[in-house]
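Coordinate-derived values only; no laboratory data. Model, not experiment: these values are computed from the prediction.
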Amino acid sequence: MSAAELLDLGSVLFLFAAALLSLAAGVGIVRFPDPLSRMHAATKPQILGLVCALVALGLQAENGATVAALVPILAFQMLTAPISAHMVGRAGYRTRHLRRDLLIRDELADAIDKAHADAARHDTEPDLPGLVTDEDTSDWRP
Amino acid sequence: MMLQAAFVVVGVIFFAAVVLAVFRIVRGPSILDRMIATDMLVATLICALAAEMVQHEHTRTLPVLLVLAMTAFLATVGVARYVTQQDRPGGPRAEGDAAGTAAGADAARDDTTSGTAAR
């Protein structure tokens, strides 16, 4: 088996990994019960699947320029995927798009309670940048 | 020959993933579920375009990958800014919760007489 054939085989294996990660995300996004757990499934092809697909491309690259073009793709995906995930998770928590009976631990609620306790002790409004409790969501401004 | 068959299998798996994502976009139930599924759809599309490039041994769609990776998050961020409780299945409006009805519609934002006063 020649070197080129080995590279082809490697590419196909990495593409299989990317495809299976995408399929796992698809199954997860259909079967999981609430947006937070669906977010967890949806991130699989966003980073690891993309890495596998880009490695498959890199193995086929004939020159360094092609490989260099793959780096910013991964870099931008790694920069932007957390932004959208953060915004979706934040909006989902604020507007109660989550099933609390599925949560094992809610550390954000602990932080909110602590802020309220501190505020009560000092007789001020709780300092909650970006945090809104369940009772307060009715007058939440985007 | 074996490899071409493998590419077909990879394509079928990507297609199945895309169908599942579209199913979640159609079903919802909330706008957040749709945006999460859209994000995942774009990520799958990027991977599938890469697979197509490997199969046909060209690099013409590399700029497309770059642009998709750069801009895919904008729609999600935009929608996430304006999610309200009304978008929730069984949300305040469905429950008849008086506090919640003031929450959502942007139209009610400046309407101090009806919306927030009821709270």
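For the reader, a short list of remarks on this structure follows.
- For chain A, complete DSSP H runs whose alpha carbons reach 24 Å or more along their own long axis and whose mean Kyte-Doolittle score is -0.5 or higher are A:3-31, A:64-94.
- Gyration tensor (alpha-carbon) shape descriptor, region B:14-80, a/c threshold 1.5: oblate
- Within chain A, helix-based [θ] at 222 nm, where runs of 4 or more DSSP H residues each add -39,500 (n - 2.57), nearest 500: -23500 deg cm²/dmol
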